[in-house]
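Notes follow the structure.
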Amino acid sequence: MEHSLLIYPNLLKYIKEVIVASDQIDEVRKDKLKEIASFILHKKQASQTANLTFICTHNSRRSHLCQIWAATAAAYYGVEDDIQTFSGGTEVTAFNHRAVAAIKRCGFYVENSTGENPHYKVHYSEVKKALECFSKKYDDDFNANENFLAIMTCSEADKDCPFIPGASMRVSTPYFDPKESDDTDQETIVYDARCRQIATEMFYLMSQIQ
């Protein structure tokens, strides 16, 4: 069941586009996303919250995009009460301003912040609580510390962290790092493409929780 939840109009338009694009996800990726869906469904059947922690090296780009889109998709499909999304890294840096700009272009409303590691508030709806997004290690107290699914969004973090304390399950769904395009004439195109890929996959994932 779909819930508009007073989602911002431009964002809702973007969402409709990525839902249509889900048939472009290859079968290998779909199988990985279905593993995550199975974890969520198992928790739901046990009347437990499914905690999803998206992990990359710096918690600056891909893991944040995954967390934001997963939370938005869960709300859109009406399963947000069954799921909590988190993100973290193996190091602390900052939520990169280029990734922040990419989600703004999709239609999110972002309350900007300052400092070396700003805390952004990301809104997808007029009525739902904002997501607080800032760089942190995956085991930060802000995140779930036990019985969570560790979703590795980059191959470097997957390799560097063969063991994630507290995780009850682990799935690797690496994405190419848009950082490679920083300060080039392809920067906006690459960030927008990665953002759209992640959005498409997170909406496909949450569409399986029925």
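Can you confirm whether residue 134 is surrounded by 14 or more Cβ atoms within 10 Å (Cβ to Cβ), aromatic (Phe, Trp, Tyr), under 14 Å from the mean Cα position of the chain (by Cα) and at pLDDT 95 or above? Against the criterion (surrounded by 14 or more Cβ atoms within 10 Å (Cβ to Cβ), aromatic (Phe, Trp, Tyr), under 14 Å from the mean Cα position of the chain (by Cα) and at pLDDT 95 or above), residue 134 qualifies.
When the range 113-128 is filtered for residues that are free of Cβ contacts under 8 Å to residues at least 40 places away in the same chain, surrounded by 11 or more Cβ atoms within 10 Å (Cβ to Cβ) and in a loop (DSSP other than H, G, I, E, B), the ones remaining, listed by number, are 113, 117, 118, 119.
Hey, can you tell me all the residues within the range 129-155 that are in a loop (DSSP other than H, G, I, E, B), on the phi < 0 side of the Ramachandran plot and touching a residue at least 24 places away in the same chain (Cβ under 8 Å)?
Taking the range 129-155 first, the residues in a loop (DSSP other than H, G, I, E, B) are 129-130, 134-136, 138-147, 153-154.
Still in the running and on the phi < 0 side of the Ramachandran plot: 129-130, 134-136, 138-146, 153-154.
134, 135, 136, 138, 139, 140, 142, 143, 144, 153, 154, listed by residue number.
For the range 14-47, the set of residues classified as polar (S, T, N, Q) and touching a residue at least 60 places away in the same chain (Cβ under 8 Å) consists of 22, 24, listed by residue number.
Looking across the range 156-187 at every residue that is free of Cβ contacts under 8 Å to residues at least 60 places away in the same chain and polar (S, T, N, Q), the one that is surrounded by the most Cβ atoms within 10 Å (Cβ to Cβ) is identified as 181.
Between 105, 61, 98, which is of a type in the set (D, E, K, R), under 24 Å from residue 173 (Cβ atoms) and surrounded by fewer than 16 Cβ atoms within 10 Å (Cβ to Cβ)? First the steps, then the outcome.
On the way: 61 fails: surrounded by fewer than 16 Cβ atoms within 10 Å (Cβ to Cβ); 98 fails: surrounded by fewer than 16 Cβ atoms within 10 Å (Cβ to Cβ).
Just a single option satisfies the conditions, and that option is 105.
For the range 1-45, the candidate set comprises residues that are among the polar types (S, T, N, Q) and part of a helix (DSSP H, G or I); within that set, the residue that is farthest from the chain's Cα centre (by Cα) is 45.
Have a look at 75, 71, 101, 94 and point out the one that is in contact with an Asp or Glu (Cβ under 8 Å, 6 or more places away or on another chain) and part of a helix (DSSP H, G or I).
Values: 75 fails: in contact with an Asp or Glu (Cβ under 8 Å, 6 or more places away or on another chain); 101 fails: in contact with an Asp or Glu (Cβ under 8 Å, 6 or more places away or on another chain); 94 fails: part of a helix (DSSP H, G or I).
Going through 75, 71, 101, 94 in turn, just one is in contact with an Asp or Glu (Cβ under 8 Å, 6 or more places away or on another chain) and part of a helix (DSSP H, G or I): 71.
Looking across the range 60-92, just one residue is polar (S, T, N, Q) and over 16 Å from residue 143 (Cβ atoms), and that is 72. With respect to the conditions (1) assigned to a helix (DSSP H, G or I); (2) surrounded by fewer than 17 Cβ atoms within 10 Å (Cβ to Cβ), residue 48 falls short on a single one, namely (1). Looking across 114, 49, 72, 85, one residue alone is more than 22 Å from residue 204 (Cα to Cα) and among the β-branched types (Val, Ile, Thr). It is 114. All of 164, 151 fail the test of being at pLDDT below 95 and closer than 15 Å to residue 87 by Cα, apart from 164.
The values are calculated or read from the model by the stated rules, or taken from the named source; none is laboratory data. This is a predicted model, so every value here is computed, not measured. Cβ: placed from backbone, ideal geometry, glycine included. Neighbour counts: every protein chain shown.
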